[in-house]
Amino acid sequence: MGLTVLDAGVLIGFLDASDAHHDAAHREIRAGLERGDRISIPASAFAEVLVGPSRRGADAVDSVQEFVERVPIEVATLDADTAVVAADLRARLGSRLRLPDALVIATALDLDADVLVTSDRDWPTRRVLRLRARLVLL
């Protein structure tokens, strides 16, 4: 049993059948569950996921939260150690990595994830990020 960490775009794609990443997101989340992995999303990325539902109202937010609990997808908290790692990544990589993405990567590093899944094809390589986790780009 391992750990798969999701970026916001993966869960957004999974939840929206019309999203370009829907099928790939569905495949990666299902693969993680079939491997017996715990599935996690950083709290910062979960906030990104909830922006669209928040525009539609409390029922839409509740639906997403119920889905996350049912799968289950753990929401990883942001602590000081993770913030330090994210700041270091952002400082080191500059404009190549936005802070929200650095927070996702830092969470994967801190949790020693086995797989990190993103829909963002602009991320630096796994080697540049110094990730042990397999990086899956949707």
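Values in this text are rule-based calculations from the coordinates and carry no lab data. Predicted model only: the values in this text are computed from it and were never measured. Positions of Cβ are backbone-derived with ideal geometry, glycine not excepted, and every protein chain shown enters the neighbour counts.
For the chain, the longest principal axis of the C-alpha atoms and the axis of helix 22-35 are separated by about 80°.
Dividing the summed helix terms, -39500 (n - 2.57) for each DSSP H run of n ≥ 4, by the number of residues in the chain produces a 222 nm estimate of -17500 deg cm²/dmol to the nearest 500. Here the stretch 15-52 and the stretch 80-138 have alpha carbon centers that stand 17 Å from each other. Give me the angle, in degrees from 0 to 90, between the Cα long axis of helix 80-93 and the longest principal axis of the Cα atoms of the chain, rounded to the nearest 10. Around 70 degrees separate the two axes.
Across the chain, C-alpha contacts under 8 Å between residues 6 or more apart give a mean separation that, scaled by the residue count, equals a relative contact order of 29 percent.
If the segment from residue 120 to residue 79 were pulled out straight at 0.36 nm per residue, it would be longer than the present Cα-Cα gap by 12.4 nm. Here the Karplus relation 6.51 cos²θ - 1.76 cosθ + 1.60, evaluated at θ = phi - 60°, turns the backbone of the stretch 45-55 into coupling constants of 6, 4, 4, 4, 4, 7, 4, x, x, 5, 5 Hz, with x for every Gly and Pro. For the chain, the dipole from Cβ point charges (+1 on Lys and Arg, -1 on Asp and Glu) about the Cα centre works out to 600 debye, to the nearest 20. Residues whose amide H falls under 5 Å from that of residue 76, counting only those 5 or more places apart or on a different chain, are 41, 43, with hydrogens built in the peptide plane.
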